[in-house]
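Taking it in order: structure first as structure tokens, then the write-up.
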2 protein chains.
Amino acid sequence: MTIQETGTARPAGRPRSEKAERAIIEATLDLIGEGMGVSELSIEAIASKAGVGKTTIYRRWSNKEDLVVDALATLKAPMPRLRGTSVRDDLIVLLDVMRAEAGQPRSRCVMNIAMSEADRYPRLMERFMKRAVEPRRAALRAVIERGIASGELRADLDVDMGMALLSGAMLWHTKWGPEGELAADLAERVVDAALSGLAP
Amino acid sequence: MTIQETGTARPAGRPRSEKAERAIIEATLDLIGEGMGVSELSIEAIASKAGVGKTTIYRRWSNKEDLVVDALATLKAPMPRLRGTSVRDDLIVLLDVMRAEAGQPRSRCVMNIAMSEADRYPRLMERFMKRAVEPRRAALRAVIERGIASGELRADLDVDMGMALLSGAMLWHTKWGPEGELAADLAERVVDAALSGLAP
DNA sequence: CCGATACGCAACGGTCCCGTTTCGTAAACC
DNA sequence: GGTTTACGAAACGGGACCGTTGCGTATCGG
């Protein structure tokens, strides 16, 4: 009882390497971000990429799905400070986060998983939605609801429909838009187009 | 030279079974429609589902990608007759086709492939885009351009942005909207929301 | 009937990955 | 030093699928 006795009795023997744990999760996210589906992920590939023995993985997670769940749980939605001055500005900020994320392989995990594995891994999706998708959705929803309340958006606007138009348009550009990087002003143009509508 | 001599000399021996060929392609599309990615497709699973020997597949296609290319080539975009009375009506018809297709496993191939395998199979994607995606896009683009010309849509509207808002919103509802079947009036509501915009 | 080709089926050796075990070494505690 | 647990590496038997081959049968033209 010299030091480091915080009540939880430290187990005997060599402690588990946190570095290895991080490397495993990083490798998992990297592979997913490269476009690999969950079913194509192999423990051996993760171990190899992480520079780790398979034993070290199986000691921590009993199967692939548990590992992926934990890996995805470390993904947090980057929550920008919304200035709250105008709904238009806040929407641009939120959608521009989507644009920026679409470029980083790491952040691409979110969209890759959300789009592809929706049906097959219900347990995984449930956690993943709660952790990574819901915060993004909630932020967008809050801005839209605030806009309705303040009169900046139509009083009869269906909130879900507003979310669909805004983030759907970003999604469309990401996957099917003109090739290459997304234009820097894409978020602004999407917001303005959605706000003013297609009709004259 | 009794009958059936159309210049292409009929090769000797038993002819290849067109029924088997159709069954193979059907099985391939079924598996893709069930959410199976191209890399998870196995020749053995296709053969089994089609009630066919592997030999019969390898006799026709030398690898999986060729088979998938041919299978996807049989997918044609269902092209509804557009009445052309109003842009709004035509947009609703086009988007409602998307809604209807989202339910049928067979037609889900288009979206599943288009969303998931974009990067990894460039040769496949090129053909697939040309055959199955482009016609849909062209139809939507034509309607939007007609609307701009007729004054039913804003003169300064970016056509790509219009397509993104409309089909992006449908896509969003398909993947992330409230669970269950898409509402029967979804296309109409999306079109009206996009036309009038979010602002008052 | 005969030759030729396609068919479904089963088997082959090869590769990848599984999940487990063994081994020698490393890092914490007493 | 001694005990205990974790580590990376290697090997295991097992399963899925690969692409190929051989087999007996079916279906065409001549």
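The values are calculated or read from the model by the stated rules, or taken from the named source; none is laboratory data. What you are looking at is a predicted structure, and each value in this text was computed from that prediction instead of being measured. Glycine also receives a Cβ, built like all others from the backbone with ideal geometry; neighbour counts cover every protein chain displayed. With ligands, DNA and RNA removed, areas are computed over all heavy atoms of the protein, side chains included. Shrake-Rupley method; radii C 1.70, N 1.55, O 1.52, S 1.80 Å.
Among all residue pairs at least 6 apart or on different chains, which show Cβ distances below 6 Å where the first residue, located in the stretch B:120-131, is within 11 Å of B:E65 (Cβ to Cβ) and the second is of a type in the set (D, E) and open to solvent by 80 Å² or more (accessible area, probe 1.4 Å)?
Going by the 6 Å Cβ cut-off, there are no qualifying pairs.
Among residues belonging to the stretch B:114-159 that are among the acidic types (D, E) and in contact with a helix residue (DSSP H, G or I) (Cβ under 8 Å, 6 or more places away or on another chain), point out the one that is surrounded by the most Cβ atoms within 10 Å (Cβ to Cβ).
B:E117
Determine which member of the set B:A100, B:A118, B:A184 is part of a helix (DSSP H, G or I) and not assigned by TED's automatic domain parsing to the domain that holds B:I32.
Details: B:A118 fails: part of a helix (DSSP H, G or I); B:A184 fails: part of a helix (DSSP H, G or I).
Answer to the selection: B:A100.
Please enumerate the residues belonging to the stretch B:43-64 that are open to solvent by 40 Å² or more (accessible area, probe 1.4 Å), within 11 Å of DNA strand C (Cβ to nearest atom), without any contact (Cβ under 8 Å) to a residue 40 or more places away in the chain and part of a loop (DSSP other than H, G, I, E, B).
Once the filter is applied, which keeps residues that are open to solvent by 40 Å² or more (accessible area, probe 1.4 Å), within 11 Å of DNA strand C (Cβ to nearest atom), without any contact (Cβ under 8 Å) to a residue 40 or more places away in the chain and part of a loop (DSSP other than H, G, I, E, B), the stretch B:43-64 yields only B:G51.
Tally the residues that are open to solvent by less than 10 Å² (accessible area, probe 1.4 Å) and either among the β-branched types (V, I, T) or at pLDDT below 95 (or both), restricting the search to the stretch A:172-200.
The total comes to 2.
Here is a yes/no grid of residues against (1) under 23 Å from B:S196 (Cβ atoms); (2) assigned to a helix (DSSP H, G or I); (3) in contact (Cβ under 8 Å) with a residue 12 or more places away in the chain:
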residue	(1), (2), (3)
B:R108	no, yes, yes
B:N112	no, yes, yes
B:A139	yes, yes, yes
B:A142	yes, yes, no
B:G147	yes, yes, yes
B:D156	yes, no, no
B:M163	yes, yes, yes
B:A169	yes, yes, yes
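Specify which of the listed residues (B:L95, B:L67, B:L82) is in a helix (DSSP H, G or I) and either among the aromatic types (F, W, Y) or closer than 22 Å to A:L198 by Cβ (or both).
After ruling out the rest, the residue left standing is B:L95.
Out of the residues in the stretch A:43-69 that are small (G, A, S) and more than 10 Å from DNA strand D (Cβ to nearest atom), state the one that is nearest to the chain's Cα centre (by Cα).
Filtering first and then ranking leaves A:A45.
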